[in-house]
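Enquirer: So that we are looking at the same thing, I have put the structure below in structure tokens.
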């Protein structure tokens with residue numbers, strides 16, 4: 001019983017000491033900040049709807065257009081990585097007779113893209129083919145350790161190319177592409 | 001048993017004692033105490049964090065500043081100033097003196113001031129110049145019968161830009177609060 005009481009008293013004393021205030025004409029306080037891994041992406045306002053158009057001779061060129069985006073990123077200083085990926089989250093209305101990512105009307109039809117990304121990102125290499133499968137999203141950019149964008153964000157773009165297949169019925173078709181940025 | 005001389009001695013002692021008890025001697029003494037103006041502070045560490053979407057919000061953190069103050073009745077005043085006496089370390093993160101991007105800043109606002117006038121508006125913390133955290137007028141005191149609380153308190157709300165240019169990690173700066181009173 002005495003031992004128990006002593007322990008309680010000791011704990012009370014420790015608590016008092018832990019919260020004791022020190023008084024003086026000046027005092028110093030440590031200010032600490034934990035800077036975490038973060039990443040964010042924003043599609044530029046003018047690219048929220050990207051129109052794919054064709055020009056030149058009949059069926060000579062694919063439908064093309066460009067989506068511009070900005071990103072902010074901070075990857076782990078020691079062994080961090082990051083990436084921007086995309087996938088077609090809503091396909092064209094395939095039943096309407098137009099283009100279709102999942103089941104194109106002709107073999108070889110595809111929605112493809114190339115990438116441009118400002119440092120510290122590395123743009124995707126070559127031509128990528130867009131997919132509708134989220135788990136198989138394709139790269140737009142990759143980042144290494146201690147990658148840091150500017151405070152206002154860095155730029156990037158995706159240049160689209162859609163096969164100009166005579167099998168497409170005339171009309172306007174819309175698909176939705178989702179961009180995802182991640183960092184560790 | 002007692003001799004006559006002894007009995008006389010006892011009576012003399014009684015008379016002398018009675019004489020001493022009958023007299024009241026008064027004297028006065030002047031006590032002088034000089035009470036000067038004084039101001040002292042007590043501070044706590046501040047941990048800043050960010051929440052919400054990526055880069056959406058700044059790093060924020062609060063600190064309860066405690067102070068005790070006594071100012072002169074006539075013409076007295078006191079203030080508490082804040083200055084960063086050590087910039088963030090290690091390098092690669094935020095910096096007060098040399099921020100990695102224009103517009104980066106460590107600022108603070110004041111609220112819940114128990115005595116005096118707390119700072120107004122966001123103030124930018126500097127490593128070279130102090131900024132007034134609280135100003136107190138004449139005839140201020142702390143304790144029983146005084147205005148405010150004991151100790152006096154004020155909340156400081158710190159905000160630091162969340163710049164992607166900061167490398168990940170933990171960074172620490174030192175803030176010094178200096179109190180003065182007249």
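The values are calculated or read from the model by the stated rules, or taken from the named source; none is laboratory data. Not measured: the values here are computed from a predicted model. Note that each Cβ is placed from the backbone with ideal geometry, even for glycine, and that neighbours are counted across all protein chains shown.
Enquirer: How many of the residues in segment B:157-182 are over 30 Å from residue A:40 (Cα atoms) and in a strand (DSSP E or B)? Don't jump to the end; show me each part of the working.
Expert: Keep residues of segment B:157-182 that are over 30 Å from residue A:40 (Cα atoms), which gives B:174-182.
Filter once more, keeping what is in a strand (DSSP E or B): B:174-181.
Result for segment B:157-182: 8.
Matching residues to (1) within 26 Å of residue A:80 (Cβ to Cβ); (2) in contact with a helix residue (DSSP H, G or I) (Cβ under 8 Å, 6 or more places away or on another chain):
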{"site": "A:147", "(1), (2)": "yes, no"}
{"site": "A:151", "(1), (2)": "yes, no"}
{"site": "A:156", "(1), (2)": "yes, no"}
{"site": "A:167", "(1), (2)": "no, no"}
{"site": "A:171", "(1), (2)": "no, yes"}
{"site": "A:175", "(1), (2)": "no, no"}
{"site": "A:183", "(1), (2)": "yes, no"}
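Enquirer: State yes or no: is residue B:145 surrounded by fewer than 19 Cβ atoms within 10 Å (Cβ to Cβ), on the phi > 0 side of the Ramachandran plot and over 20 Å from the mean Cα position of the chain (by Cα)?
Expert: Details: surrounded by fewer than 19 Cβ atoms within 10 Å (Cβ to Cβ): yes; on the phi > 0 side of the Ramachandran plot: yes; over 20 Å from the mean Cα position of the chain (by Cα): no.
Judged against the criteria, residue B:145 is not a match.
Enquirer: Could you list, in sequence order, the residues of segment A:118-137 that are outside any loop (DSSP other than H, G, I, E, B) and surrounded by fewer than 17 Cβ atoms within 10 Å (Cβ to Cβ)?
Expert: As a first pass, look at segment A:118-137 and keep what is outside any loop (DSSP other than H, G, I, E, B): A:122-123, A:128-129, A:134-136.
Across segment A:118-137, the qualifying residues are A:122, A:129, A:134, A:135, A:136.
Enquirer: Could you please find all residues in segment A:139-172 being within 14 Å of chain B (Cβ to nearest Cβ) and in a loop (DSSP other than H, G, I, E, B)? Explain how you work it out, then say what you get.
Expert: Here is the first cut: in segment A:139-172, the ones within 14 Å of chain B (Cβ to nearest Cβ) are A:143-155.
Scanning segment A:139-172 gives A:144, A:145, A:146, A:147, A:149, A:150, A:151, A:152, A:153.
Enquirer: Being more than 30 Å from residue A:35 (Cβ to Cβ), more than 12 Å from chain A (Cβ to nearest Cβ) and either touching a helix residue (DSSP H, G or I) at 6+ places or on another chain (Cβ under 8 Å) or crowded, with 16+ Cβ neighbours inside 10 Å (or both), is that true of even one residue in segment B:154-171? Talk me through it step by step, then tell me what you get.
Expert: Step one: list which residues in segment B:154-171 are more than 30 Å from residue A:35 (Cβ to Cβ), which gives none.
Scanning segment B:154-171 turns up no residue that is more than 30 Å from residue A:35 (Cβ to Cβ), more than 12 Å from chain A (Cβ to nearest Cβ) and either touching a helix residue (DSSP H, G or I) at 6+ places or on another chain (Cβ under 8 Å) or crowded, with 16+ Cβ neighbours inside 10 Å (or both).
Enquirer: Take residue B:115 and decide whether it is outside any loop (DSSP other than H, G, I, E, B) and out of contact with any helix residue (DSSP H, G or I) (no Cβ under 9 Å at 6 or more places or on another chain).
Expert: Values: outside any loop (DSSP other than H, G, I, E, B): no; out of contact with any helix residue (DSSP H, G or I) (no Cβ under 9 Å at 6 or more places or on another chain): yes.
For residue B:115, the condition - outside any loop (DSSP other than H, G, I, E, B) and out of contact with any helix residue (DSSP H, G or I) (no Cβ under 9 Å at 6 or more places or on another chain) - is not met.
Enquirer: In contact with a strand residue (DSSP E or B) (Cβ under 8 Å, 6 or more places away or on another chain), farther than 30 Å from residue B:169 by Cβ and at pLDDT 90 or above: is that true of residue B:70 in this structure?
Expert: Details: in contact with a strand residue (DSSP E or B) (Cβ under 8 Å, 6 or more places away or on another chain): yes; farther than 30 Å from residue B:169 by Cβ: yes; at pLDDT 90 or above: yes.
Considered against the rule, which asks whether it is in contact with a strand residue (DSSP E or B) (Cβ under 8 Å, 6 or more places away or on another chain), farther than 30 Å from residue B:169 by Cβ and at pLDDT 90 or above, residue B:70 comes out as yes.
Enquirer: Which residue out of A:73, A:41 is closer than 27 Å to residue A:172 by Cβ and within 14 Å of chain B (Cβ to nearest Cβ)? Spell out the reasoning first.
Expert: On the way: A:73 fails: closer than 27 Å to residue A:172 by Cβ.
Only one candidate qualifies: A:41.
Enquirer: If residue B:132 meets every condition in (1) buried (at least 19 other Cβ atoms within 10 Å of the Cβ); (2) part of a strand (DSSP E or B); (3) away from chain A (no Cβ under 14 Å) apart from one, which number is that one?
Expert: With respect to (1) buried (at least 19 other Cβ atoms within 10 Å of the Cβ); (2) part of a strand (DSSP E or B); (3) away from chain A (no Cβ under 14 Å), residue B:132 is out only on (1).
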